[in-house]
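Computed from the coordinates by the stated procedures, all read-outs in this text should not be read as laboratory data. Please read all numbers here as calculations on a predicted model, not as lab measurements. With ideal geometry, Cβ positions are generated from the backbone for all residues, glycine too; neighbour counts draw on all protein chains shown.
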Amino acid sequence: MALWQDYLTKHRSRFITELCDFVRIPSISADPTHKDDVVAAAGWVASRLRAAGAENVSVMPTGGHPCVYGDWLHAGVSQPTILIYGHFDVQPAVPLELWTTPPFDPDIRDEKVFGRGASDDKGGMLIPILSFEAMMKTDGKLPVNIKFIFEGQEEIGSPNMPDFVAENRTLLAADMIFSSDGLQWTADEPNIVVGLKGLSSMELKVTGAKSDLHSGLHGGAVANPLLALSQILAGLKNAEGDILVEGFYKGVQELTDEDRAEIASVPYNEANYMAELGVDALHGEPGYSTRERAWVRPTMDVNGIWGGYQGEGSKTVLPNEARAKITCRLVDGQEPQEVFEAIVSHAKKICPTGVKFSAERLVGSGTPFRVPRNHNASEMVRQVLEEVYGMAPYVTRLGGSIPIISTFLQEIGVHTTMFGFSIGDENLHAPNEFFRLRNFDRGQKAYCRLLEKLAV
């Protein structure tokens, strides 16, 4: 048994306690009232890196929520330099009443840690730190050079990170990049994610009269902004699921036979999927399987719509304003700004008379990301996962986005390989989020194996 394996076993209880301490920090990046908590989480990460043996550790400003850097660069110029990424900010915990235990008072039940951020991504990003510590405390060195960069704004789209990475591209330069923010297929089946969708977010606004109007006095005489907005939204996509915006599909490449075969080879039971979601039918772009639509086709979704009276009973008004939030998940060939402009142009064309339409692109976007076939770092991960799980990993893609991954490619020139140990059923972004401790353990061993395998 390698010395690091014995170290991980001996210190398991402490590591779990530390994960719980980390989860207790309510580092909600989307909520300004938790700004200081995000800073506190950054401080916690910096202290943990120093304790593990990292050097040059620094909490670095970004113009928004901070990030944390650390390194150990004594393996020599003949050995590769590895950059490990993760994030310490978390999603809001509402609705609080749906949590069995408080979201920031972590609870261990059935060998699972329950708490907001336990899986996404505090458990995930703590894993490589613990692996690094185990190797440093037992061998006194690593077989490769290593850098860490952990951010505090991933859950809001990493708005300040493109400029930060561009300004620090020399500091962050690496031969390979691994993201601890990632998934395995099931609790006991491995997975390599080779593609992520991009993101374009926006808020649409329709205004009418200068104030709310009495619907009995003015109904039928002036346009209703809430109805007008509903008509605009209905004109963006047809009932079958095709997106009707001119130029939306510009640059989107059709799936190859190899793409479709690769997606179809991953286990999937549509009846189980519907039962899991509590729906009696699936819906989406015609001509594609459910997996193809979710993984490799662009989407457009209305995330929220509001306007007018929403209290108890009736209030007979014509609202003077209505708004909606939209996000689009993008694929190869699409750019966030171009998609935003296409939607705005289309909405203006179909906007009813008597109201004014405007739109604002929201903070947080990302370009699509796809790892090339036979990518060297991904091949190393495939080998490690096969050793750890006893089976070859599935090759999958995700409809989600990690914006900084595209930034790394643009500024550092290196594709990122996903190497995380969360599972999709762990209620990420939802009440009762949890992280399985057996995968917390498994991930630590996997990262140690990876660092050994990467040595030249």
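Some points to look at:
- With 0.36 nm allotted per residue and the present C-alpha distance subtracted, the THR186-GLU312 stretch has 41.0 nm of extension available.
- Inter-centroid distance (Cα atoms) of region 174-244 relative to region 330-401, Å: 14 Å
- Projected label points at ASP242 and VAL266, each 7 Å from Cα along the beta carbon direction, are separated by 2.7 nanometres.
- Rounded if a/c under 1.5, otherwise prolate or oblate - region 47-128, Cα gyration tensor axes: prolate
- Mean residue ellipticity at 222 nm, helices only, the chain: -10500 deg cm²/dmol; runs of at least 4 DSSP H residues each add -39,500 (n - 2.57), and the sum is divided by the number of residues.
- Listed by Cβ neighbour count within 10 Å, with the fewest neighbours leading, ASP181, ASP121, ASP139, ASP89 appear as ASP139, ASP181, ASP89, ASP121.
- Overall, the anisotropy analysis places region 154-297 in the oblate class: the square-rooted eigenvalues a ≥ b ≥ c of its C-alpha gyration tensor yield a/c not less than 1.5, with a/b not exceeding b/c.
- Residue exposure sequence - VAL371, VAL193 - by fewest surrounding Cβ within 10 Å: VAL371, VAL193
- Extension gain, ASP332 to GLU55, is 95.9 nm, computed as 0.36 nm per intervening residue step minus the present C-alpha separation.
- Relative contact order (%) - the chain, alpha-carbon pairs under 8 angstrom, separation at least six: 26 percent
- Averaging the sequence gap over all C-alpha pairs within less than 8 Å and six or more residues apart, then dividing by the number of residues, gives region 1-157 a relative contact order of 34 percent.
- Gyration tensor verdict on the chain (Cα atoms; rounded if a/c is under 1.5, prolate if a/b is larger than b/c, oblate otherwise): prolate
- With a Förster radius of 35 Å applied to the C-beta separation of GLU258 and ASN432, the computed FRET efficiency comes to 0.35.
- Centroid-to-centroid separation of region 249-303 and region 39-114 [C-alpha atoms, Å]: 33 Å
- Normalising the average separation of contacting C-alpha pairs (under 8 angstrom, six or more residues apart) by the number of residues puts the relative contact order of region 385-456 at 23 percent.
- Counting every other Cβ atom within 10 Å of each residue's Cβ, LEU183, LEU196 order from fewest to most as LEU183, LEU196.
- Loop-located trypsin sites (Lys or Arg not before Pro) in region 346-428, at most 11 other Cβ atoms within 10 Å (DSSP): ARG373
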